[in-house]
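Visitor: The structure's right below; bear with me while I get my questions together.
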Amino acid sequence: MRVVVVGAGKVGTFIASDLHEAGHSVLVIEKDPDLVERLRPAIPAEWMAADACEVRSLSSARLSEADVVVAATGDDEDNLVVSLLAKQEFAVPRVVARVNHPSNHWLFNESWGVDVAVSTPHLLTALVEEAVSVGSLVRLLQFEGGDARLVEVTLAEDAPVVGTPLGELKFPRDASVVGLVRNSRLTVARDDTVLCPGDEVMLVVSADSEQQVKDLLVGSPGGAPG
């Protein structure tokens, strides 16, 4: 896999180093030439000193050959510009963008070419909620322009689906169970898997189906199953 990482700060260099060690072809684009020269010996990836917000630079970097572009600079405006150019000018299949300021998160969507937006504060909040929330739906990750998201529900003792096999639940067509954690162990979710209190059910849902899934697994506001 060919990955282009834009930005050689702590986040960008960590991603580049990790992906390179995993055997991927990695190009790091950084506009500060002095920083490039300092970091080049430490990370044996391909390096390019250029402004990634310019089409000419991205063309020289052969962005059209990239499988993934990671916009990881410390500037949200730069990350949005890089994402938009990567998607619209070079048709990169997958664009991942770093969100530095949580208030800007709403901008990082498919309109700007972003497939996955990563906001550390939002991610930490989701992980905290996931650790302490029982009987509620927690959104762990949002991707594909914000329509698809990974959610998790830890089933309460009185959850309406407790004791019911997964295959008997009527999930919306655009919602799918992708995993189930029981007693701290990942369990393959099968149609005959009977749900128990404390099960952590993970699903990929759309924006339209999220509430239906919540009503089904947690219960409708009135207390009856959805």
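Visitor: Name the lysines eligible as straight-distance cross-link partners of Lys10: C-alpha to C-alpha under 26 Å, and not fewer than 8 places from it in the same chain.
Guide: Within the straight-line cut-off, Lys10 pairs with Lys31, Lys87.
Visitor: At a Förster distance of 25 Å, what's the computed FRET efficiency of Val55 paired with Lys10, Cβ-Cβ distance as r, to 0.05?
Guide: Plugging the Cβ-Cβ distance into 1/(1 + (r/R0)^6) gives 0.35.
Visitor: I want the local charge near Phe171. Using Cβ-Cβ distances under 12 Å, sum +1 for each Lys or Arg and -1 for each Asp or Glu among the other residues.
Guide: -2
Visitor: Here is a follow-up. Once the Cα atoms of the chain are picked out, what are the Rg and Dmax in Å?
Guide: 20.8, 63
Visitor: Note the full-extension length gain between Arg62 and Thr164 as 0.36 nm times their separation in residues minus their Cα-Cα distance, in nm to one decimal.
Guide: Residue separation times 0.36 nm, minus the Cα-Cα distance, leaves 31.5 nm.
Visitor: Between Asp34 and Asp147, how high is the FRET efficiency from 1/(1 + (r/R0)^6) when r is the Cβ-Cβ distance and R₀ = 41 Å? Nearest 0.05.
Guide: Calculated value: 0.50.
Visitor: Which value results when the Cα radius of gyration for region 2-118 is divided by 2.2 N^0.38 Å?
Guide: The reported ratio for this selection is 0.96.
Visitor: Within 10 Å of each candidate Cβ there may be at most 16 other Cβ atoms; applying that plus a DSSP loop requirement, which GluC sites (Glu not before Pro) in region 153-226 survive?
Guide: Counting only loop positions with at most 16 other Cβ atoms within 10 Å, the GluC sites (Glu not before Pro) in region 153-226 are Glu157.
Visitor: So which lysines pass the test for Lys170, namely a Cα distance under 16 Å, with those fewer than 8 places away in the same chain ruled out?
Guide: Within the straight-line cut-off, Lys170 pairs with Lys214.
Visitor: Expressed as cubic angstrom per residue, what is the convex hull volume of the alpha carbon set of region 133-217?
Guide: 86 Å³
Visitor: So what are the three principal axis dimensions of region 157-203 from its Cα atoms, in whole Å, longest to shortest?
Guide: 28, 21, 15
Visitor: Additional query: Using the Karplus equation 6.51 cos²θ - 1.76 cosθ + 1.60 (θ = phi - 60°), what ³J(HN,Hα) coupling, rounded to whole Hz, does each residue of region 190-200 give in order, writing x for Gly and Pro?
Guide: Here the 3J(HN,Hα) series is 10, 4, 8, 6, 8, 6, 10, x, x, 4, 9 Hz.
Visitor: Amide H of Thr187: which non-local residues (sequence gap of 5 or more, or other chain) have their own amide H closer than 5 Å, using H built in the peptide plane?
Guide: For Thr187, whose amide H was placed from the backbone, the distant partners under 5 Å are Leu180, Val181, Arg182.
Visitor: Less than 14 Å Cβ to Cβ from Thr13, Lys/Arg counted +1 and Asp/Glu -1: what total charge do the surrounding residues give?
Guide: Spelling it out: positives minus negatives among the neighbours equals -2.
Visitor: To the nearest 10 degrees, how steep is helix 76-88 against the longest Cα principal axis of the chain, on a 0 to 90 scale?
Guide: Helix 76-88 sits at roughly 90 degrees to that axis.
Visitor: Determine the sum of side-chain charges near Leu27: Lys and Arg each +1, Asp and Glu each -1, restricted to other residues whose C-beta is under 13 angstrom from that of Leu27.
Guide: For residues surrounding Leu27, the net value is -1.
Visitor: Roughly how many whole Å is it from the C-alpha centroid of region 77-109 to that of region 152-172?
Guide: Rounded to whole Å, the Cα centres lie 36 Å apart.
Visitor: Right, another one. Using each residue's phi in region 14-31, evaluate 6.51 cos²θ - 1.76 cosθ + 1.60 at θ = phi - 60° and report the 3J(HN,Hα) Karplus result to the nearest Hz, with x for Gly and Pro.
Guide: 5, 4, 4, 5, 5, 5, 5, 5, 7, x, 8, 7, 10, 10, 10, 10, 9, 7
Visitor: Something else now. Report, in deg cm²/dmol and to the nearest 500, the calculated mean residue ellipticity at 222 nm for the chain, where each DSSP H run with n ≥ 4 adds -39500 (n - 2.57) and the sum is divided by the residue count.
Guide: The helix-only estimate for the chain comes to -7500 deg cm²/dmol at 222 nm.
Each value in this text was obtained by applying a stated rule to the coordinates, not by laboratory testing. All values reported here derive from a predicted model rather than from experimental measurement. Note that each Cβ is placed from the backbone with ideal geometry, even for glycine, and that neighbours are counted across all protein chains shown.
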